[in-house]
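Structure, as structure tokens:
What follows draws every value from the coordinates through simple rules; no lab data is involved. Because the structure is predicted, anything quoted here is derived from the model rather than measured. Methodologically, a virtual Cβ is constructed for each residue, glycine included, from the backbone with ideal geometry; neighbour enumeration extends over all protein chains shown.
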Amino acid sequence: MTAAAADIPIPSTISPEAQAILGLAEHRPPVPDPPKDDAQTWRAIAEQASTEEPGTVEALALVTTAGVITDVAATVEDRQTDRGATYFVAVPDAIAGDDTRALLFLHGGGFTFGGGPTARRSTQILAGAYGVRTYGVDYRQLPEAPFPAGLDDVVDVYRQILTEHEPRSVALAGQSGGSNLAAALLLRARDEGIPFPVAVGLISPPVDLTQSGDSYKTNAFTIGPGGLTNMADFYRGDFPLDHPYVSPLFGEYTSEFPPTILTAGTRDFLLSDTVRLHRKLLGAGVRAELHVWEGAPHGMFMGRAPEDYEQVAQVRRFLEDAWTAAETRS
């Protein structure tokens, strides 16, 4: 029998703010995704999340990136590649004129939401939180655009970034669905001869859409009935669920892949995906770190707890160390 959120005590080992977020979750039980042939409901989900209402945009921006609000202001610019992919570039106001570093951060949202005004705002928030020029992609999503449309957009923007920055200056990161795309981007880059970024951050990556990992069951109380089944079936398009670009856990990795930091929480239904990818990277000889946060559900604590700030700081240090090492080698 599967436990409900209300059956699992809120741990006293996390911050009061994190405890409050988990308390809210008890009163908002997750709902299942609609089947892929229910286009009306999928469209309603996407439209509801495409709001321009500032408060909702801000909340969604944090939820879909595991970002945090800082006092660092950043300007943001809308751009488009020659092939039509929309992306944003956010630059912190205090950035040094000779700082050539760039972060490509891919938002999450179940391949359904997190784009549009939310992606624009999240790119701006992340630029402040990570302190570098940050690129965000408004990649195509469900219900109109299943795989490989979103990944094609991400690869297109990454190629564009490499015309402006040396690979050793570019880091890659993503949260949830965005970290799936980040991992798939690495596999595409290897297969297409595109240079790797200097380092990668994968936050709660859904890299096995066959849902074979243990935490899909042990942490099932944090996700709606059926798990990711309907979303995964819709997202995969005409490709099998275990295709490496759909479920990057099934890709082949070698020691040439960039250093990677992976994070998840003890209540994250994607904990197993994160753990298994970490083990696979280590087995391939990749320098990889795994950090698991006590009591954290998928996406951490909505950017409202000290743990959220600690996670961003930890990922930021990892990326900064990689940038520094690359600069030293050059």
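Computed over neighbours whose Cβ is under 13 Å from that of S255, the net charge equals +1, Lys and Arg +1, Asp and Glu -1. Rounded to the nearest 500, the helix-only mean residue ellipticity at 222 nm of the chain stands at -11500 deg cm²/dmol, with each DSSP H run of n ≥ 4 adding -39,500 (n - 2.57). Relative contact order, whole percent, for segment 78-204 stands at 29, derived from Cα pairs under 8 Å and 6 or more residues apart.
Amide hydrogen proximity for A296: with H placed 1.01 Å from N in the peptide plane, the residues at 5 or more positions away or on another chain lying under 5 Å are T266, R267. Annotation: the antiparallel percentage among DSSP beta bridges lying fully within segment 13-329 is about 30.
Along the axis of the charge dipole computed for segment 13-329 (Cβ charges of +1 for Lys and Arg, -1 for Asp and Glu, origin at the Cα centre), the listed residues G67, A102, I203 are led at the positive end by I203.
Convex hull of alpha carbon positions in the chain: directionally averaged projected area 16.1 nm². Close amide H contacts of A288 (hydrogens built in the peptide plane, cut-off under 5 Å, sequence separation of 5 or more or a different chain): T260.
Average projection, convex hull of the Cα set of segment 1-117: 11.9 square nanometres. Specify the angular offset, from 0 to 90 degrees and rounded to the nearest 10, of the alpha carbon long axis of helix 149-162 from the longest principal axis of the alpha carbons in the chain. The answer is roughly 30 degrees. Each residue of segment 194-211 is assigned a 3J(HN,Hα), and the resulting list reads 8, x, 6, x, 6, 6, 9, x, 10, 9, 6, x, x, 9, 9, 6, 7, 6 Hz, derived from the Karplus form 6.51 cos²θ - 1.76 cosθ + 1.60 (θ = phi - 60°), x at Gly and Pro.
Note that segment 52-173 carries a Kirkwood radius of 14.3 Å, evaluated over its alpha carbons pair by pair.
Model label sites at E192 and T75, defined 7 Å from Cα along the beta-carbon direction, differ in position by 3.1 nm. Rounded to the nearest 20, the size of the Cβ-charge dipole of segment 13-329 about its Cα centre is 480 debye, with Lys and Arg at +1 and Asp and Glu at -1.
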